[in-house]
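Undergrad: What follows is a single structure, and I will ask about it in a moment.
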Amino acid sequence: VSEQMHMAEYQNIISEIMISKQDITNGEEIQGAMLEVYEVKRLSDGAEELVLKKQWISDGNSGGKLIKGLPLETELILKETSPAPGYVTAEEIRFKLIQDQDANGKLLEKTVVYIKAEENWIKAESGMLIMKDDVTKIEICKKDISNKEELPGATLEIYDESGKLIVSWVSADKPHYIEKLPIGKYRLVEKKAPSGYGYAEDVI
């Protein structure tokens with residue numbers, strides 16, 4: 001009598017999550033942000049140890065970045081370690097991935113994203129993890145030193161650390177507003193003073 005061996009094959013589906021890096025003002029994908037995902041490990045003394053799992057630079061493609069192989073049912077952190085030029089750094093997002101189930105409790109080949117809000121875990125209805133960045137914003141005032149009122153007629157310029165001219169304008173009766181100035185160090189120069197006024201010192 002011959003013996004037959006029966007083999008059952010089980011296949012695991014790798015976890016997947018779409019991570020989107022968006023402009024908070026219009027929802028468009030942002031290119032050039034350095035993003036990292038860490039796994040949170042709890043130590044015996046209650047401290048956290050962060051283990052880097054993924055790292056990439058956002059490419060601005062619609063729909064975000066597909067990340068595979070993150071552990072399930074584990075607290076994770078999405079960090080922006082370097083924002084795209086013209087944007088401010090977003091706050092980190094704590095999240096976890098859970099394998100989805102149907103109404104009968106049967107496991108499905110799909111992962112669901114939960115985001116931590118204070119001590120609660122909230123399901124991401126969009127099915128993806130979205131991190132939004134706001135643009136940098138700055139108002140520059142040119143004022144009369146005696147009455148503190150806005151002083152029109154001054155030609156002002158901003159230079160970056162390499163000495164490159166970034167923007168130039170003539171002051172008016174209200175502050176000058178600039179968006180999307182990349183984070184860094186700049187020099188504000190009064191190129192031409194208003195009639196009847198002396199030149200102000202450069203401002204870093």
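Undergrad: Can you list the HN-Hα couplings for segment 123-132, worked out from phi with the Karplus curve (6.51, -1.76, 1.60; θ = phi - 60°), rounded to whole Hz and with x for Gly and Pro?
TA: 5, 7, 5, 6, x, 10, 9, 10, 10, 10
Undergrad: Now a separate question. Taking θ as phi - 60°, what are the ³J(HN,Hα) couplings along segment 177-183 by the Karplus curve (6.51, -1.76, 1.60), each to the nearest whole Hz, with x for Gly and Pro?
TA: After applying 6.51 cos²θ - 1.76 cosθ + 1.60, I find 9, 10, 10, 6, 7, x, 4 Hz.
Undergrad: Find which of S44, N120, P83 sits farthest along the positive direction of the dipole of the chain, computed with +1 on the beta-carbon of Lys and Arg, -1 on that of Asp and Glu, about the Cα centre.
TA: It is P83.
Undergrad: Here's something else I'd like to know. Near the amide H of A33, under 5 Å away, which other amide H atoms are found, from residues 5 or more places off or on another chain, if H is placed in the peptide plane?
TA: Amide H to amide H, under 5 Å and 5 or more residues apart or across chains, A33 pairs with S58, A84.
Undergrad: In the structure displayed, which of K143/K192; K21/K53; K116/K185; K96/K132; K21/K54; K68/K137 lie more than 26 Å apart, Cα to Cα?
TA: K116/K185; K68/K137
Undergrad: Dipole size in debye (nearest 20) for segment 60-204 around its Cα centre, Lys and Arg Cβ +1, Asp and Glu Cβ -1?
TA: 320
Undergrad: Continuing with the same structure: Under a cut-off of 19 Å between alpha-carbon atoms, report the aspartates and glutamates in cross-link reach of K41, not counting same-chain residues fewer than 8 places apart.
TA: Reachable aspartates and glutamates: E49, E73, E75, E92, E118, E119.
Undergrad: Additional query: Once R0 is set to 22 Å, what does the formula 1/(1 + (r/R0)^6) return for the Cβ-Cβ distance between Y199 and E139, expressed as a FRET efficiency to the nearest 0.05?
TA: 0.55
Undergrad: Report the charge-dipole magnitude of segment 9-73 in Debye, nearest 20, computed about the Cα centre from +1 at each Lys and Arg Cβ and -1 at each Asp and Glu Cβ.
TA: That gives a dipole near 80 debye.
Undergrad: Also, I was wondering about something else. Can you tell me the FRET efficiency between A172 and I24 if r is taken as the Cβ-Cβ distance and R0 is 30 Å, rounded to the nearest 0.05?
TA: The value I calculate is 0.60.
Undergrad: HN-Hα J couplings of segment 147-159 from phi, Karplus 6.51/-1.76/1.60, θ = phi - 60°, integer Hz, Gly and Pro as x?
TA: 10, 6, 8, 4, 10, x, x, 8, 8, 10, 9, 10, 10
Undergrad: Still on this structure, please answer the following. Within the accessible area of the chain, what % is carbon and sulfur when the probe is 1.4 Å and the other protein chains stay in place?
TA: 48
Undergrad: Can you figure out the FRET efficiency of I122 with S146, using R₀ = 41 Å and their beta-carbon distance, to the nearest 0.05?
TA: So, using R0 = 41 Å, E works out to roughly 0.15.
Undergrad: Taking Rg/Rh (Cα atoms, Kirkwood Rh) straight from the coordinates, which label in (i) 1.20; (ii) 1.23; (iii) 0.99 is the correct one?
TA: Calculated Rg/Rh (Cα atoms, Kirkwood Rh): the matching label is (ii).
Undergrad: Then there is this: Could you tell me which residue out of G196, G32, C141 lies farthest along the dipole of the chain toward its positive end? Charges go on the beta carbon: Lys and Arg +1, Asp and Glu -1, centred on the Cα centre.
TA: Comparing the listed Cα positions along the dipole, G196 ranks first.
Undergrad: Once amide H atoms are built 1.01 Å from N in the peptide plane, which residues 5 or more positions from Y87, or in another chain, come under 5 Å H to H?
TA: Those lying under 5 Å, H to H, from Y87 are T136, I183.
Undergrad: Give the aspartates and glutamates whose C-alpha is closer than 12 Å to that of K174, dropping any in the same chain fewer than 8 places away, or say none.
TA: Excluding near neighbours in sequence, the set is E139, E149, E150.
The values are calculated or read from the model by the stated rules, or taken from the named source; none is laboratory data. Just so you know, these numbers come straight off a predicted model, no measurement behind them. Every residue, glycine as well, gets a Cβ built from its backbone with ideal geometry; the counts of neighbours run over all protein chains shown. Protein only, heavy atoms only, side chains kept; ligands, DNA and RNA dropped before computing areas. Shrake-Rupley method; radii C 1.70, N 1.55, O 1.52, S 1.80 Å.
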